[in-house]
Amino acid sequence: MGKECTRKLKTLSTLIIILVSIAITTPFSTEASMNSKTGDEENFAHTVLVEYASTTWCHYCPIAAGQIQELYSSGDHDFVYISLVADKNPEAGLRCGELDLTAYPTVFFDGGYKEIIGAQGNTTPYIKAINECGARTDVHSVDVSLHMKAHGEEGVIINLTVTEKEGEAYSGVLKVYVTEMISRWSDNEGEPYRFAMLDYAINQDIVISPMGSLVFTVTWDGIENGFIIQPENIMVVAALYDSHTGYVDNVAYATIYSDLPDTFIT
């Protein structure tokens, strides 16, 4: 369905980084999660990020994929997930290396704060890991506000604001993943992956001054990066990782349907 480039050429048509001393807000932002919170999750300080490492030939991966999607579809757990299909996408494979992957499948929670290797008998281990990550006390108070809209038939425009809320300088790694909600790639049982990573729209170190904000506007073009896409099938996930621990401090996600039609995105 798409042609993968072994070495993608990034074209960021517009990249604006603005450092300001006050928070910048935009109406109808997709901060944190669209899922409901119940039970222990009512006290979550942030939406949990799940990174599911897989290959198309992995025999046990479909079990893990089905269980994660079951939890996600229920709407009862405050998390968002990305499928890292390592044998189909070089960037996904490199991300697996950053996470110190040792076997497939492995499910990483909050950048490796917790990880679960191999197929599980039920969803209980995943729920436990999500709740433990949601209860973390080492999460920095950094807001992430994300918006996106279609750019023609083959691209998206992404607007992102990251704001420091604790009154202390913050350093982290910002990764903005472009994912397909229903992937072009299928697992060992022939089921399409969900939220499979295609590319990074942003992947860089950032530093934010106390109570300051960074604003990014990026145009990501599918054709220029080796993919024929449908914007309505794209979900963008913005994750902010602490530069010292590598663990997630906050995450947000958006589709072209997340904002009202008349929302202005610069």
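Since every read-out is calculated from the coordinates, none of them should be taken as a lab result. Since the structure is predicted, the reported quantities are computational estimates derived from the model, not experimental observations. Glycine also receives a Cβ, built like all others from the backbone with ideal geometry; neighbour counts cover every protein chain displayed.
For Thr137 and Thr102 in one chain, what is 0.36 nm times their gap in residues minus the Cα-Cα distance, to one decimal in nm? Let's see the in-between values first.
Values: separation 35, 0.36 × 35 = 12.60 nm, distance 2.75 nm.
Gain on extension, Thr137 to Thr102, equals 9.9 nm.
Using the number of other C-beta atoms within 10 angstrom as an exposure proxy, rank Tyr126, Tyr200 with the fewest first. Intermediate values should be presented prior to the final figure.
Numbers: Tyr126 23, Tyr200 20.
Result, fewest neighbours first: Tyr200, Tyr126.
Taking each pair of distinct Cα atoms in segment 94-203 once, what is the resulting Kirkwood hydrodynamic radius in Å?
After inverting the pairwise mean of 1/r, the radius is 16.9 Å.
Order by neighbour count: Asp87, Asp187, Asp242, fewest other Cβ atoms within 10 Å first, most last.
Details: Asp87 14, Asp187 24, Asp242 19.
Going from sparsest to densest Cβ surroundings: Asp87, Asp242, Asp187.
Listed here are the pairs Lys114/Lys149; Lys88/Lys149; Lys114/Lys165; which of them are more than 28 Å apart at the Cα? Walk me through the numbers before you get to the answer.
Numbers: Lys114/Lys149 33 Å; Lys88/Lys149 26 Å; Lys114/Lys165 26 Å.
From Lys114/Lys149; Lys88/Lys149; Lys114/Lys165, over 28 Å: Lys114/Lys149.
For segment 81-150, what is the Kirkwood estimate of the hydrodynamic radius, computed as the reciprocal of the mean inverse distance between distinct Cα atoms, to one decimal in Å? Walk me through the numbers before you get to the answer.
Details: mean 1/r = 0.0708 Å⁻¹.
The Cα-based Kirkwood calculation yields 14.1 Å.
What ³J(HN,Hα) values, in whole Hz, does the Karplus curve 6.51 cos²θ - 1.76 cosθ + 1.60 give for segment 124-133 when θ = phi - 60°, with x put for Gly and Pro?
Going residue by residue, I get 4, x, 5, 4, 4, 5, 4, 5, 5, 5 Hz, with x marking Gly and Pro.
Can you sort Trp220, Trp57, Trp185 by how many other beta carbons sit within 10 Å, fewest first?
Fewest to most other Cβ atoms nearby, the residues stand as Trp57, Trp185, Trp220.
Taking a ≥ b ≥ c as the square roots of the eigenvalues of the Cα gyration tensor of segment 111-266, is the shape rounded (a/c under 1.5), prolate (a/b larger than b/c) or oblate? Intermediate results must be reported in sequence, preceding the final value.
Values: a/c = 2.01, a/b = 1.05, b/c = 1.92.
Cα axes put segment 111-266 in the oblate bin.
Between segment 140-162 and segment 64-131, how far is it from one alpha carbon centroid to the other, in angstrom?
23 Å
HN-Hα J couplings of segment 159-171 from phi, Karplus 6.51/-1.76/1.60, θ = phi - 60°, integer Hz, Gly and Pro as x?
10, 9, 10, 10, 10, 7, 10, 9, x, 10, 4, 10, 10
Report Rg(Cα)/(2.2 N^0.38 Å) for segment 39-134, keeping two decimals. All intermediate terms of the calculation are to be shown ahead of the outcome.
Working: Rg = 12.7 Å, N = 96, 2.2 N^0.38 = 12.5 Å.
Normalised Rg, Cα atoms only: 1.02.
Report the far tail of the P(r) of segment 139-230, meaning the percent of Cα-Cα pairs longer than 23 Å.
Numbers: 1556 of 4186 pairs.
So the portion of pairs separated by more than 23 Å is 37 percent.
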